[in-house]
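Worksheet: the structure to be examined is printed underneath.
Bear in mind these aren't lab numbers, they're just calculated from the coordinates by the rules spelled out. Source: prediction; values computed, not measured. Cβ sites come from the backbone with ideal geometry, for glycine too, and all protein chains shown count toward neighbours.
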Amino acid sequence: MSSQDDIAISVRNLTKTYRLFRSPTDRIKQALTLGRGKFHDQFTALRDVSFDIKKGETVGIIGKNGSGKSTLLQLICGILKPTYGSVQVNGRISALLELGAGFNPEFTGRENVYFQGTLMGFSRAEMDARFDDISAFADIGEFIDQPVGIYSSGMFVRLAFASAINFNPDILVIDEALAVGDSSFQAKCMVHLKSIQKKGCSAILLVSHDLVAIQNLCTRVLTLEDNHLVCDAVPEQSISRYQTELSLSATAAFPVGHPLRQGPQRFATLQHMSVMNVYLEAATQFAMGDRIVIELSFVCHEKLPAGRFGVTFSNTSGVLLHDFASGFSGVIGFAAGCHTFRITTGPILAYPGRYFLGAWIQHSKGVPSDDRFGSVLAIHVYDGGKVGHREANFSGIRCSNTEVYLPCSFEKI
Amino acid sequence: MLSTLKTFYQNRGLLLELVKRDVLLRYRGAWLGLVWVLLNPLIMLGVYSYAFGYLFQLRGAGSGGLPYVLNLYCGLIAFNIFGETVSRAPTAVRSFPSYVKKIVFPVNILPIVPLGSSLLHAAFNLLILAAALAWTGHLSAGILLYPLFLIPIILFALGLGWFFAAWGVFIRDVAQVVPVLVQISLFLSPILYPSSIIPAPLRPISDLNPLAAAIEAQRAAILGTPVAWNDWMLSCLLGVLVALLGLLFFEHSRDEFADVM
């Protein structure tokens, strides 16, 4: 039985179906027939999922919206009851399923933290011992004695996160909670999670769309797709699989009538774009320092002797990081008809994360774009351990305070 | 069922905290704060005295010289425990979706919270009643038995509380229906009148009212007249039955709460 002892969570054939009633009347009919009638449709949120998580493991769960991630966490926490299958949990769970769930806005931060402690089964004295750690971690100053309702969302997150991780849980479940909060607080959480990992006695379960954080923290990643568990592997493998699934497709057409698409398209219309690695294989993941090959097609409705175009590279906040403009390379002027260009970039010196590629075209220099769309494709830049031939170590660092990485060397003189 | 009762015991600290929050939240921010706990029943007693004692000049039949107002007040204290718990039941669980869906929480203690705060209010009411009885020279040791007579009422309130709390999650209409039912039960119970005025042919039906025996017993205790212990025992047993059925229904349906909220 000793092998059973280090299992923190054991999930077997877990399935969850919801009954969907078309109207409240149907629900009453169902109740009155003591469940024998059938006045509802069924919706399966999770289908036949099995896995074990050992103590000390940090497991990420990734998947598209609606793939069953949150349902899985709720089942593990015992909030939902499985329709079939079983969940076995060894130890005390602390769950951050929704930030500050259970916080009452009318009460002060202090009162809410104590209440949270009561929920976790701590006595007042035990909470007194923990409170200073919690308030120090949250670092919200004298707001701790103000009603939570007046907190900024940042303060709210900090307090909720601080109280959840300071209860020494055996199992820590976090659903998208790291996404809020400023970068220094995120870094602090990362450090704290890593220190929990080092102690090696708690299991951490993390749902996130932030693949960089997942890659940084997790020892193993589960991928859910269409309510199934489709991949249970090391982070690199799961993430790359997910990237492929995540309509991080390597080819896309410029969407017609998209609200963010600008320009009258009087002289030219952008058509589609594909992205490849230097071996001309379709790809959406690039290590820092890799070159990206982009193919862009557009139609000129008439001859454009001074026409020019560009490919844009921007971050998830929409900040334009670079513009690969054809004019810079002297590619100016196009005949009427369809054109396809292949653009090979230099080494990409952006930090690990998600970026958007887009394009624009104009009929001459200095006029507004005739067609422009900034996010036709998404790519993922990861930390390959080196940039070009130089060693570079970004693990554990979220470098959102600068946009671009410039390689450099340090010598002591 | 036993394990459910055990979780109630394990979560007593949490329950106490929730009741405290419930009471504090009601008065938080009010200038007079917790003074209202005492002020509210005092004002009500004043209004009853004016309307029934001064305007109507009512002297309750069979009340042994006890002013009608105090007679009424005595019944109302007990009834309010029932009324407050039951009428708040439909929203007791429904108004805390995050407890049901987002955190690990023993939801079956939520319907007990209104009972807790109504008991606290009742305690203050009882103090005022005792003072008023002393003032009019009717105070007897019988009032010490009062809490004993609350047992069947508490059990009923809990049973119906669990029942309506579960229904309230699934069907919103319950929140509309229950206050009406509570109002009806106020008039069908011997609170505004002693049960002795109910015509004999209706007696067997009115005796079925589980609240009646408890309320009559309270009156008897306060007046110092013999208490109908048999009736009280019977309503206690009935109360246990209702409470268990209510809890059973709640436990049966709680698995689906998170699905529908």
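In the elastic network of chain A, a GNM with C-alpha springs shorter than 10 Å, the most mobile of A:ARG12, A:ARG110, A:ARG266 is A:ARG266.
Since only A:VAL113, A:TYR279, B:LEU139 are under comparison, the one whose Cα sits farthest along the positive direction of the charge dipole of the protein assembly as shown, derived from C-beta charges on Lys, Arg, Asp and Glu, is B:LEU139. Equivalent ellipsoid of the range B:92-170: semi-axes from √(5λ) of the C-alpha gyration tensor, largest first, are 35, 12, 9 Å. The value given for the range B:1-51 is a Kirkwood hydrodynamic radius of 13.6 Å, derived from the mean inverse Cα-Cα separation. The Kirkwood radius of chain A, taken over pairs of alpha-carbon atoms, gives through the Stokes-Einstein law at 25 °C and 0.890 mPa s a diffusion coefficient of 100 µm² s⁻¹.
Can you classify the range B:2-260 as rounded, prolate or oblate using the Cα gyration tensor, where a ≥ b ≥ c are the square roots of its eigenvalues, rounded means a/c under 1.5, and otherwise it's prolate if a/b beats b/c and oblate if not? The shape class here is prolate. Here the Debye sum runs over all C-alpha atoms of the range B:111-231 as equal scatterers in vacuum, and log10 of I(q)/I(0) at q = 0.17 Å⁻¹ comes out as -1.02. Phi angles of the range A:368-374 translate, via the Karplus equation with coefficients 6.51, -1.76, 1.60 and θ = phi - 60°, into HN-Hα couplings of x, 4, 7, 8, 7, 8, x Hz per residue; Gly and Pro are given as x.
Averaged over peptide A:117-130, the number of partner chain Cβ atoms lying within 10 Å of each residue's Cβ comes to 2. Under the simplified labelling scheme, the A:GLU302-A:LYS365 pair shows an inter-label distance of 2.2 nm, with each label point 7 Å from Cα along Cα→Cβ. Each stretch of four or more DSSP H residues adds -39500 (n - 2.57); spread over every residue of the protein assembly as shown, this sum gives -13000 deg cm²/dmol at 222 nm. Working from Cα pairs under 8 Å separated by at least six residues, relative contact order for the range A:251-391 is 32 percent. The chymotrypsin sites (Phe, Trp or Tyr not before Pro) found in the range B:1-61 that occupy coil by DSSP, while having at most 11 further C-beta atoms within 10 Å, are B:TRP31, B:PHE56.
Given R0 = 60 Å, the distance between the Cβ atoms of B:TRP36 and A:ILE7 translates into a calculated FRET efficiency of 0.65. Sorting A:HIS258, A:HIS228 from the fewest to the most surrounding beta carbons within 10 angstrom yields A:HIS258, A:HIS228. Expressed to the nearest 5 percent, the antiparallel share of DSSP beta bridges inside chain A is 75 percent. Spacing of the modelled spin labels on B:SER98 and B:GLN57, each 7 Å from Cα toward Cβ, amounts to 5.9 nm. Remark: mean inter-chain Cβ contacts per residue of B:103-109 equal 5, using a 10 Å Cβ-Cβ cutoff to other protein chain atoms. Note: relative contact order over chain A, using C-alpha pairs below 8 Å and six or more positions apart, is 14 percent.
How large is the dipole of the range A:197-344 about the Cα centre if only Lys and Arg carry +1 and Asp and Glu carry -1, each at its Cβ, rounded to the nearest 20 debye?
Around 360 debye, computed over the range A:197-344.
Summarising the amide proton neighbourhood of A:TYR18: residues at separation of 5 or more, or on other chains, whose placed amide H is nearer than 5 Å comprise A:PHE43, A:THR44, A:ALA45.
Compute a Gaussian network model of chain A, connecting alpha carbons closer than 10 Å, and tell me which residue from A:PRO259, A:PRO105, A:PRO347 fluctuates the most. The residue with the greatest mean-square fluctuation here is A:PRO259. Between A:GLU142 and B:LEU188, the modelled label-to-label distance comes to 5.8 nm, taking each label 7 Å out from Cα in the direction of the beta carbon. Measuring r between the beta carbons of B:MET233 and A:ASP170 and using R0 = 51 Å, the FRET efficiency lands at 0.60.
Using only alpha carbon pairs under 8 Å that are at least six residues apart, calculate the relative contact order of chain B and give it in whole percent.
On the way: 309 pairs, mean separation 66.3, N = 261.
25 percent.
Does the range A:2-245 come out rounded, prolate or oblate by the C-alpha gyration tensor, with a ≥ b ≥ c the root eigenvalues, rounded set by a/c under 1.5 and, if not, prolate when a/b is larger than b/c and oblate if not? Oblate shape, in that a/c is at least 1.5 and b/c is the bigger or equal ratio. As a calculated quantity, the FRET efficiency between A:ILE150 and A:ASP182 at R0 = 22 Å, using C-beta atoms, amounts to about 0.70.
Karplus-based coupling profile of the range A:77-87, in residue order and whole Hz: 6, x, 7, 9, 9, x, 6, 10, x, 9, 10, with θ = phi - 60° in 6.51 cos²θ - 1.76 cosθ + 1.60 and x standing for Gly or Pro.
Any chance you could list the semi-axes, whole Å, largest first, of the equivalent ellipsoid that the Cα gyration tensor gives for the range A:227-346, using √(5λ)?
Values: eigenvalues 196, 57, 35 Å².
Equivalent-ellipsoid dimensions as semi-axes: 31, 17, 13 Å.
Within the listed set A:HIS322, A:HIS40, A:HIS339, the Gaussian network model of chain A (springs between alpha-carbon atoms below 10 Å) gives the highest mean-square fluctuation for A:HIS40.
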